[in-house]
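Novice: Before we start, here is the structure in question, set down as structure tokens.
The values are calculated or read from the model by the stated rules, or taken from the named source; none is laboratory data. Computed from a prediction, not measured in an experiment: that's the story for all the values here. Positions of Cβ are backbone-derived with ideal geometry, glycine not excepted, and every protein chain shown enters the neighbour counts. Calculation scope for accessible area: heavy atoms of the full protein, side chains included, ligands and nucleic acids excluded. Shrake-Rupley method; radii C 1.70, N 1.55, O 1.52, S 1.80 Å.
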Amino acid sequence: MSQHVKNAQSLANYLKDHSKIEWVNYNGFSDHPFHENAKRYLGGQFPSVFTFGIKGGYESAKSFINNTKLCSHLANVGDAKTLIIHPASTTHQQLGQDEQLAAGVKPELVRVSVGIENIKDIIADFDQALA
């Protein structure tokens, strides 16, 4: 678990500063609305599952998913390998746009469950997929 947590923090920090990322929803950031609760209840560690938004919306998010090579495109969470999904085009595709937004599913949203691979490999995969 410590490797999941460490990798998630590194990946979230990488994404936060990336020019093609619109936002990162990671409660390990001190400005996250639930940061203090997470810190308190999780003993200073933060989850390895979080979401982020790709600039360019729906098509850009789908393109990112389709261009990853190391990450697996699955709805599961908590695997040893890094898993990613674009809910708007998969798990929530049966909902209309207004229903998706009401459920918190934005067109640009990608969910990642960060695995225990070498963080340099995860970041390299994200980097080439974003390019």
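For (1) at positive phi; (2) loosely packed, with under 14 Cβ neighbours inside 10 Å; (3) more than 16 Å from the chain's Cα centre (by Cα); (4) without any contact (Cβ under 8 Å) to a residue 24 or more places away in the chain, each residue gets a yes or a no:
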{"site": "Lys69", "(1), (2), (3), (4)": "no, yes, no, no"}
{"site": "His73", "(1), (2), (3), (4)": "no, yes, no, yes"}
{"site": "Ile84", "(1), (2), (3), (4)": "no, no, no, no"}
{"site": "Ser89", "(1), (2), (3), (4)": "no, no, no, no"}
{"site": "Asp98", "(1), (2), (3), (4)": "no, yes, yes, yes"}
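Novice: Within the stretch 81-131, how many residues are of a type in the set (Ser, Thr, Tyr) and either touching a Pro at 6+ places or on another chain (Cβ under 7 Å) or farther than 19 Å from Trp23 by Cβ (or both)? So that I can check it myself, show each step before the final result.
Specialist: Taking the stretch 81-131 as the starting set, the residues that turn out to be of a type in the set (Ser, Thr, Tyr) are 82, 89-91, 113.
Restricting the remaining residues to those that are either touching a Pro at 6+ places or on another chain (Cβ under 7 Å) or farther than 19 Å from Trp23 by Cβ (or both) gives 82, 90-91.
Qualifying residue count for the region: 3.
Novice: List the number of the failed condition for Phe52; all other conditions in (1) closer than 23 Å to Lys120 by Cβ; (2) surrounded by 14 or more Cβ atoms within 10 Å (Cβ to Cβ); (3) out of contact with any Phe, Trp or Tyr (no Cβ under 7 Å at 6 or more places or on another chain) hold.
Specialist: Looking at each condition in turn, Phe52 falls short on (3).
Novice: So, one more: Quick check on Lys39: is it of a type in the set (Lys, Arg) and closer than 23 Å to Lys120 by Cα?
Specialist: no
Novice: With a cut-off of at least 3 residues that are β-branched (Val, Ile, Thr), name the helices (runs of 4 or more DSSP H) lying wholly within the stretch 1-117.
Specialist: none
Novice: Being over 20 Å from Phe126 (Cα atoms) and open to solvent by 50 Å² or more (accessible area, probe 1.4 Å) is the filter here; which residues of the stretch 9-36 pass it?
Specialist: Correct list: Ser30, Asp31, Pro33, Phe34, Glu36.
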